[in-house]
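The values are calculated or read from the model by the stated rules, or taken from the named source; none is laboratory data. Remember, predicted model here, so these are calculated numbers, not experimental data. With ideal geometry, Cβ positions are generated from the backbone for all residues, glycine too; neighbour counts draw on all protein chains shown. For accessibility, only protein heavy atoms count, side chains too; no ligands or nucleic acids. Shrake-Rupley method; radii C 1.70, N 1.55, O 1.52, S 1.80 Å.
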Amino acid sequence: MMEKILEKATDMFLTYGFKSVTMDDLAQEMGISKKTIYAHFENKTKLVTECTNRLFVIISGGIDGICSMNKNPIEELYEIKKFVMQFLKDEKSSPQYQLQKYYPKIFATMREKQYDKMKSCVVDNIERGLEQGIYRENLNVEFISRIYYAGGLTIKDHALFPPDKFSQSQLMDDFLEYHLRGIVTPKGRKILNTIINSNEE
């Protein structure tokens, strides 16, 4: 039952936002009593904590799986983006914004874990791109990995990129292309253009 509650709660939080979904909503959606939920999670904060941890494990595992395929680094970033997009549901509910505003401690913990995960993943991606001659050899790897992470956070800022003007899907596409065009060699540009053209077909 605990796993079922976590699964449904995570789905609802991502769809409607962490603040918007109440324990009553969750109980009604599952056809169970609130008492059953509270038997496993003492309060909503505990439930949100467990849901975000669960989501982090799922997404990290998926990214690790993609990285283990040893695709070329440009293709790898597009595969990771496609995988992460599965977890972006109703963009206008802004689960990340609600998490940051109403559960700042949980948000800060998650951001730290995300940073550690993304930084090692991006550093590895850049280093392999350098070895394969598809990224420019004079890159400052530390700077590129950090600015890429920072940019990924920034495009989720609704004050800068309001959802009624920017779709999350298009933002992620534009941001990834922006990142890659700044670091690829002519050889890498050919791979990038092939991927972009095939995605547009």
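Could you give every pair whose Cβ atoms fall below 8 Å, whose first residue belongs to the stretch 95-112 and is in contact (Cβ under 8 Å) with a residue 40 or more places away in the chain and part of a helix (DSSP H, G or I), and whose second residue is of a type in the set (Gly, Ala, Ser) and surrounded by 15 or more Cβ atoms within 10 Å (Cβ to Cβ), counting only separations of at least 6 or pairs across chains?
Final answer for the pair search is PRO95/GLY17; TYR97/GLY17; GLN98/GLY17; GLN98/SER20.
Pick from VAL57, VAL84: which is aliphatic (A, V, I, L, M), open to solvent by 30 Å² or more (accessible area, probe 1.4 Å) and within 27 Å of LYS165 (Cα to Cα)? Can you show your working first?
Values: VAL57 fails: within 27 Å of LYS165 (Cα to Cα).
The conditions single out VAL84.
Of the residues in the stretch 145-201, how many are open to solvent by 60 Å² or more (accessible area, probe 1.4 Å), closer than 18 Å to VAL84 by Cα and among the charged types (D, E, K, R)?
Here the count works out to 3.
Going by the structure shown, is LYS19 at pLDDT below 95, farther than 27 Å from SER120 by Cβ and either out of contact with any strand residue (DSSP E or B) (no Cβ under 9 Å at 6 or more places or on another chain) or not aromatic (Phe, Trp, Tyr) (or both)?
Considered against the rule, which asks whether it is at pLDDT below 95, farther than 27 Å from SER120 by Cβ and either out of contact with any strand residue (DSSP E or B) (no Cβ under 9 Å at 6 or more places or on another chain) or not aromatic (Phe, Trp, Tyr) (or both), LYS19 comes out as yes.
Within the stretch 90-112, how many residues are in contact with a helix residue (DSSP H, G or I) (Cβ under 6 Å, 6 or more places away or on another chain) and surrounded by fewer than 16 Cβ atoms within 10 Å (Cβ to Cβ)? Walk me through it before giving the result.
Just the residues of the stretch 90-112 that are in contact with a helix residue (DSSP H, G or I) (Cβ under 6 Å, 6 or more places away or on another chain), to begin with: 90-91, 93, 95, 99-100, 103, 106-107, 110.
If we keep only those that are surrounded by fewer than 16 Cβ atoms within 10 Å (Cβ to Cβ) as well, we get 90.
Total meeting the criteria: 1.
With respect to VAL48, determine if the residue is surrounded by 15 or more Cβ atoms within 10 Å (Cβ to Cβ) and farther than 28 Å from GLU3 by Cα. Before you say what the answer is, go through the steps one by one.
Numbers: surrounded by 15 or more Cβ atoms within 10 Å (Cβ to Cβ): yes; farther than 28 Å from GLU3 by Cα: no.
Answer is no for this residue.
Keeping to the stretch 40-84, report how many residues are free of Cβ contacts under 8 Å to residues at least 40 places away in the same chain, of a type in the set (Lys, Arg) and either closer than 22 Å to SER198 by Cα or assigned to a loop (DSSP other than H, G, I, E, B) (or both).
The number of residues fulfilling the criteria is 2.
Checking the structure you have, find out if any residue of the stretch 160-169 is assigned to a helix (DSSP H, G or I), within 30 Å of ARG54 (Cα to Cα) and under 18 Å from the mean Cα position of the chain (by Cα). Walk me through it before giving the result.
So in the stretch 160-169, the residues assigned to a helix (DSSP H, G or I) come out as 168-169.
Then drop every residue that is not within 30 Å of ARG54 (Cα to Cα), which leaves 168-169.
Cutting the leftovers down to under 18 Å from the mean Cα position of the chain (by Cα) gives us 168-169.
Within the stretch 160-169, one or more residues are assigned to a helix (DSSP H, G or I), within 30 Å of ARG54 (Cα to Cα) and under 18 Å from the mean Cα position of the chain (by Cα).
What number of residues within the stretch 1-25 satisfy the criterion of being more than 24 Å from the chain's Cα centre (by Cα) and either crowded, with 16+ Cβ neighbours inside 10 Å or more than 18 Å from ILE106 (Cβ to Cβ) (or both)? It would help to see each step written out before you state the result.
From the stretch 1-25, those more than 24 Å from the chain's Cα centre (by Cα) are 1-2, 23-25; that's our starting set.
Those still in the list that are either crowded, with 16+ Cβ neighbours inside 10 Å or more than 18 Å from ILE106 (Cβ to Cβ) (or both) too: 1-2, 24-25.
Residues flagged as more than 24 Å from the chain's Cα centre (by Cα) and either crowded, with 16+ Cβ neighbours inside 10 Å or more than 18 Å from ILE106 (Cβ to Cβ) (or both) within the stretch 1-25 amount to 4.
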